[in-house]
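A short reminder: the numbers here are calculations on the coordinates, not readings from a lab. Nothing here was measured: the structure is a model prediction, and the numbers come from that model. Ideal geometry is used to build each Cβ from the backbone, glycine not excepted, and the neighbour counts take in all protein chains shown.
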């Protein structure tokens, strides 16, 4: 037997959702048309929506129609170990494979960081972002220097201001 449920009953059973904006770094093979693609995605609400957003950024991809025209920026084995927000500073902690990015475009490192910072910028309690690897902002993890990141050393400039990164080239999608 199937229970007879009203619209109100069904609404009560549904989990609350929240729409987040994920800023995907779209690195095109022609290298001239690279930008951050802002995509709104609906998620089932959790107690750590910032972590959910960064997980989607790292493991997801932009619109299906763009799959064959963009270069993935993050190593597919990268995992988000945690996201914590204290005193308006978000600390985004990745596993060691975050350092294993394959550089195929000179501005790729900057776009990867901007994607993380812009994605975190939608949370009202975040003014700055710090990126850590296995809990560390500097030093080495499995023989790789964190500060060097993917070769340009951009992680030396932390914390990153949410307002400063909002000026990166973005498109709605």
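Summary table below
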read-out	value
Inter-probe distance in nm under a simple model that places probes 7 Å from Cα toward Cβ, at residue 148 and residue 87	3.2
Relative exposure of 49, 120, judged by other C-beta atoms within 10 Å (fewest first)	49, 120
